[in-house]
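Below: the structure, in structure tokens.
The values are calculated or read from the model by the stated rules, or taken from the named source; none is laboratory data. Remember, predicted model here, so these are calculated numbers, not experimental data. Backbone-built Cβ (ideal geometry, glycine too); neighbour counts: all protein chains shown.
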Amino acid sequence: MWEKLVRALGGGKAEAAQPRRELAIAVLLVETLRADFASDAAEHAAARGILRDLCGLDDTALDPLLAEAEAEVGRSVSLHAFVAELNAALGAQDKLELIGGMWRVAHADGRVHPEEELLIRRVADLLYVPHHEFIRQKLASGPA
């Protein structure tokens, strides 16, 4: 029944509705850089570097992925599908690296906006990252 509904709404298979791991990571990084309501070149550069490191992508793959992530952020009303994808795909260490990457994006412009911290805290909770690791990643990523 689910596949019929997806096909009726214009999708091919039910799996097509599921985000890819790389896209899910990119969406969370884009959400982080947009959380303070200002777009900064340093934050974009940090997001690109983190995607390169976490996903092993080359520079030619980064621009289309970030453009797709920005489009997803513009039309998504929830991060649930992306977080669910990451919970299924990432191990504990990878989740810590993602939270650390989100903190690096937040710190890239020189200050952490309260909305950035709130987003990272929510994502850490949804990824089952212990609070002490959330704090450790915050402190390791930049000035407190």
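Just a few scattered comments:
- Note on the stretch 29-75: among residues that are loosely packed, with under 15 Cβ neighbours inside 10 Å and among the polar types (S, T, N, Q), the one that is modelled with the lowest pLDDT is Ser39.
- Residue in the stretch 132-139 that is among the aliphatic types (A, V, I, L, M), surrounded by 12 or more Cβ atoms within 10 Å (Cβ to Cβ) and touching a helix residue (DSSP H, G or I) at 6+ places or on another chain (Cβ under 7 Å) present: no
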